[in-house]
């Protein structure tokens, strides 16, 4: 039955296709007595083979996308499924209790988990509990005849429908089969939206009930530009959607001709267009879209996609790959930004009632200096292979920056003494806390560069959790208060002779770009898929003329809508394209 779902336009584009529901199925096990012992044992072994085959496929794709080190967790899962003791225990349970295989497996898994939980002084064994849950769930699914949804196993074009999308959902996915994303929750700056834009795939988020309304395999039209989804569309609607898809392809082909162009305004003002990335697997998209640098590498994904802290060498290999691949173009790598909506399950931290205001980002690093120092050493070693800049997140006070910088200096001194090769490294900070924005002139005296993190700056300034749909309306990048803060930061940096970048989603927003260009922003860093569209837009703008637009917006506007109206009036032909 046809239905229209409204959500938030998270990533531009229109696609139509078959829905793939990435939703946890019901795996409740019913205990049954059996009469045919051989048949039940055979059923167990067939499920084992199918589960191992699944994981081998996932491992192969993860190795291709992320490298052998990151795919090792899947080797551990295969080894657990093939463990003779586990297999023998389940077989014995089936034989002795004369019960169905899934019940026998559940009993054995519960016993194993109890044993592992008792080894509280052994972190390695504690981490195996997560592995046990994963393999048990997959094996149970096969025994129940229920296919577990897994993007790594998708082998035909689909539109993914899920409650939310997390980084681990995409680490081993073959993106040629993913047409777009629809989620129940999220906003324009949620991780699902950022991931979709990084992959240059249309997305609608925050629909509230897409997973309930859209049947698996049903036909959908996803409009990531307007923020709506049509379920079971009409023939005419499908025809219109296919025309939109063809137009998008034509636009992408036209924009591709700008791939190797410099980014220059109509009146000759040059700026740098950079890309934000989460993992090394994003590099091909960065190159393909003609980014001139990496303005932000989010290192937390390296930690979140593992079941234990990555070693210094594991980090070094990833950072070196990124820095070396981009050389001589600059790469800005942000130190670990966890906490808030990005906890690490294996890093035991105390409960916080308001984690977004708690021990996250640089606060976490300063509290756990062993982790911070390991990351800094890996980064410094990688600096020998290209043009690296290191950025500290969520700096609120000068004392925080000075403490982080002192630790950096100490690790650099130790590596110098050990004659470890290193390159010249600039050290900067994200300006995403209003207190830092207000004191930008003081920070500018001590940092090599500043990068405005608008996603959190807007959230903290407007006192609105950007992951809370009920206050999503307060995510207002064009609000005069936000514009005044951004303008203040840019002026402070230029007065001190340092460059100012922006690595929040606002940097690629077509309404914001004319304002930022008029303010004199030096570097715009965004999702790779937005680079060419932004390059084309900037080439049609006169930077000097936009200064009067900025002045009017800063001094006369009182609301976001007033700013939008001003921008559209100043550059109507450009923004209507």
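The values are calculated or read from the model by the stated rules, or taken from the named source; none is laboratory data. These numbers come from a predicted model, not from an experiment. Backbone-built Cβ (ideal geometry, glycine too); neighbour counts: all protein chains shown.
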In region 427-484, how many residues are touching a residue at least 12 places away in the same chain (Cβ under 8 Å), assigned to a loop (DSSP other than H, G, I, E, B) and within 21 Å of residue 363 (Cβ to Cβ)?
-> 9
Among the residues of region 155-162, is any under 17 Å from the mean Cα position of the chain (by Cα), in a loop (DSSP other than H, G, I, E, B) and modelled with pLDDT of 85 or more?
-> no
Among 510, 477, 514, 499, which is the only one that is touching a helix residue (DSSP H, G or I) at 6+ places or on another chain (Cβ under 7 Å) and closer than 22 Å to residue 400 by Cβ?
-> 499
Going through region 253-269 in order, the residues found to be at pLDDT 95 or above and assigned to a helix (DSSP H, G or I) are none
Selection from region 280-309 of residues assigned to a helix (DSSP H, G or I), closer than 14 Å to residue 530 by Cβ and touching a strand residue (DSSP E or B) at 6+ places or on another chain (Cβ under 6 Å) yields 286
If you check 250, 241, which single one turns out to be over 20 Å from residue 527 (Cβ atoms), modelled with pLDDT of 90 or more and either touching a helix residue (DSSP H, G or I) at 6+ places or on another chain (Cβ under 8 Å) or buried (at least 19 other Cβ atoms within 10 Å of the Cβ) (or both)?
-> 241
Filtered residues of region 376-400 (kept if in contact with a strand residue (DSSP E or B) (Cβ under 9 Å, 6 or more places away or on another chain), farther than 15 Å from residue 446 by Cβ and without any contact (Cβ under 8 Å) to a residue 60 or more places away in the chain) | 376, 380
Residue list for region 274-289, restricted to those being surrounded by fewer than 20 Cβ atoms within 10 Å (Cβ to Cβ) and over 15 Å from the mean Cα position of the chain (by Cα) = 284, 287, 288
